[in-house]
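The values are calculated or read from the model by the stated rules, or taken from the named source; none is laboratory data. Just so we're clear, the structure is a prediction, and the values are computed from it rather than from any experiment. Please note: Cβ atoms are built from the backbone with ideal geometry, for glycine as well, and neighbour counts cover all protein chains shown.
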Amino acid sequence: MKSKKLSIPYIAWMVVFTMIPIVMIGLTAFRDKAGGFSLEPFTKAWDYRFVFLKSLWIALLSTVICLILAYPLAYLLTKMKKSTQKTVQLLIMVPMWMNFLLRIYAWKILLQKNGPLDMALSLLGIHGSYIGNTAAVVVGMVYEYLPFMVLPIFTVMSKIDGGLIEAAQDLGSNNLAVFKKVIFPLSIPGVISGITMVFVPSASTFLVAEHLGGKDDVMIGDVIDKIFLNDQNTGSAISLILMVFILIFLILMNLFGDEEALA
């Protein structure tokens, strides 16, 4: 009974700041500007299908790169001394203490023409465009969300029972076999959590593509941000569609996680 009372503030918070806004978005998505029921907002939302698909592609690519970078880093963290672990974790977390927009501006300065990167590579005879393209957007996304991939994987890996690794080694498994049969399967929950924590905000983020990308690198978050000012109905319809896709993704991730747990 006491636990139920303690949960009331959290339930109230979720209802007021999560459920009610979602319901309002849903109601607005099925109305026209006059306030009557209409599917016209979804018809207009269809015009942004290619932007939507590109946003999902950039989010997926960023998530994969984050996973490739984060997994070995998380594994190396588990092998470090406790003091070194804390230092590296602090270095990973420090950029997150800075405002999101300021971090984007920092990359904009680094990648711009005659910026630090351009000038450094020019000394080596390498010339190119490092901003205003999809690659710059992906770099910005990976930078923003890499900590959200590293920390869940590290947390799960650090809890793996060392006795299981020793048992596998005693049975004749080499380091590669130990990794394939013990470490990787047991780290899957952290991987799933990291993928979820990176893909979901990446798919709906805005400002990154606006400042680092080109004309063809508009993301659905930027579209919602701009269109909502003049057409809340279409903006709500796009938001609702995005939420449905994210919900499907979360369900698939949970199902995959359940299958791994049963295995």
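Observations on the structure shown:
So that you can scan it fast, the table gives a plain yes or no per residue for (1) under 16 Å from the mean Cα position of the chain (by Cα); (2) surrounded by fewer than 14 Cβ atoms within 10 Å (Cβ to Cβ):
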position: 176; (1), (2): no, yes
position: 183; (1), (2): no, no
position: 202; (1), (2): yes, no
position: 208; (1), (2): yes, no
position: 229; (1), (2): no, yes
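- Condition met for residue 260 (touching a Pro at 6+ places or on another chain (Cβ under 9 Å), charged (D, E, K, R), at pLDDT below 85 and in a helix (DSSP H, G or I)): yes
- The residues of the range 33-50 that are part of a loop (DSSP other than H, G, I, E, B), touching a residue at least 40 places away in the same chain (Cβ under 8 Å) and within 11 Å of residue 237 (Cβ to Cβ) amount to a single one, 38.
- Failed condition for residue 160, given (1) over 30 Å from residue 179 (Cβ atoms); (2) outside any helix (DSSP H, G or I); (3) of a type in the set (A, V, I, L, M): (1)
- Considering (1) surrounded by 13 or more Cβ atoms within 10 Å (Cβ to Cβ); (2) at pLDDT below 90, the lone condition that residue 58 does not fulfil carries the number (2).
- Residue satisfying condition, being over 16 Å from the mean Cα position of the chain (by Cα), aliphatic (A, V, I, L, M) and either at pLDDT 90 or above or at negative phi (or both), within set 73, 69: 73
- Scope the range 206-234; condition in a helix (DSSP H, G or I) and in contact (Cβ under 8 Å) with a residue 60 or more places away in the chain; matching residues: 208, 209, 211, 212, 220, 221, 223, 232, 233, 234
- Consider the range 69-120 and keep the residues that are over 18 Å from residue 139 (Cα atoms) and in contact (Cβ under 8 Å) with a residue 60 or more places away in the chain. The one that is surrounded by the most Cβ atoms within 10 Å (Cβ to Cβ) is 74.
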